[in-house]
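Peer 1: First the structure, which I've put down as structure tokens, then a few questions once you've had a look.
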Amino acid sequence: GEDVEQSLFLSVREGDSSVINCTYTDSSSTYLYWYKQEPGAGLQLLTYIFSNMDMKQDQRLTVLLNKKDKHLSLRIADTQTGDSAIYFCAEIPGYSSASKIIFGSGTRLSIRP
Amino acid sequence: AAGVIQSPRHLIKEKRETATLKCYPIPRHDTVYWYQQGPGQDPQFLISFYEKMQSDKGSIPDRFSAQQFSDYHSELNMSSLELGDSALYFCASSSLAGPNTGELFFGEGSRLTVL
């Protein structure tokens, strides 16, 4: 997606933390999402954060939101081989319906032994 | 928990043929969305339905049509298929009436290959 930007690739060592970054465009976005897509599979909703939150933690996942800089990050602690996938950041601008969801280009996370 | 079910998972067609994809949303979800994801690309919104009525339209070609039935399942009909229609087609569902109205749940996708 041209309005949500992510780096294309990230390589981390197994057991390390992975941090995937995303910048979005609409400061009025209400919902910001992280989806995971394994090879040949569908989009799995990992987590989402409401725009009035700065941080959300869910087991190994930590989402940080910097509204001032329109920056969203996903941290995966203790990265495992099963975390290898493409991670999409997504936003729903303003008060639009979910049909207006805008995806980033996806970050391909690869794990080194 | 029940998820979004799509069928078929894989489909191979030839140019100018017709294809139909089916989507069964999560029970009690009232909204269905269709997305197209080309190779190496992010998903692009095609069309959505709310309570069996078309609610929004994205970059859906005129050769494609879709509808949502009384049991809330949806079908995407694609005619005069072109090579460029080869893609992964996702269906997603959500509930506008639920507590988490921003959540969008995706199916596993239907991979269409046009030869």
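Peer 1: Am I reading the B/A interface right? What is its buried accessible area, both sides, 1.4 Å probe, to the nearest 100 Å²?
Peer 2: Answer for the B-A pair: about 1600 Å² buried.
Peer 1: In the protein assembly as shown, if the dipole is taken from +1 on Lys/Arg beta carbons and -1 on Asp/Glu beta carbons about the Cα centre, which of A:ALA85, B:ALA66, B:PHE105 is farthest to the positive end?
Peer 2: Result: A:ALA85, furthest along the dipole toward the positive end.
Peer 1: Let me ask something additional. Kindly identify chain A as rounded, prolate or oblate by the Cα gyration tensor criterion: order the square roots of the eigenvalues as a ≥ b ≥ c, call it rounded if a/c is under 1.5, otherwise compare a/b with b/c, prolate if a/b is larger, else oblate. Write down the numbers at each step before the final one.
Peer 2: On the way: a/c = 1.96, a/b = 1.56, b/c = 1.26.
Prolate is the answer for chain A, as a/c is 1.5 or above and a/b outweighs b/c.
Peer 1: Same structure again: Accessible area per residue for chain A in Å², computed with a 1.4 Å probe and the full protein assembly in place, what is it?
Peer 2: Result: 48 Å² per residue.
Peer 1: Let me ask you something else. How large, in percent, is the carbon and sulfur part of the accessible surface of segment B:46-91 at a probe radius of 1.4 Å?
Peer 2: Here carbon and sulfur together make up 47 percent of the probe-accessible area.
Peer 1: Something else: Please give the per residue accessible area of chain B, computed with a probe of 1.4 Å over protein heavy atoms only, in Å².
Peer 2: Accessible area per residue: 49 Å².
Peer 1: In chain A, carbon and sulfur make up what percent of the accessible area (probe 1.4 Å)?
Peer 2: 48
Peer 1: Could you sort the residues of segment B:37-70 by number and keep only those whose accessible area is reduced by 30 Å² or more in the all-protein-chain setting relative to the chain alone, 1.4 Å probe?
Peer 2: By number: B:GLN37, B:ASP42, B:PRO43, B:ASP56.
The values are calculated or read from the model by the stated rules, or taken from the named source; none is laboratory data. On a predicted model such as this, the values are computed, not experimentally measured, just so you know. Ideal geometry is used to build each Cβ from the backbone, glycine not excepted, and the neighbour counts take in all protein chains shown. Side chains included, ligands, DNA and RNA excluded: accessible areas come from the protein's heavy atoms. Shrake-Rupley method; radii C 1.70, N 1.55, O 1.52, S 1.80 Å.
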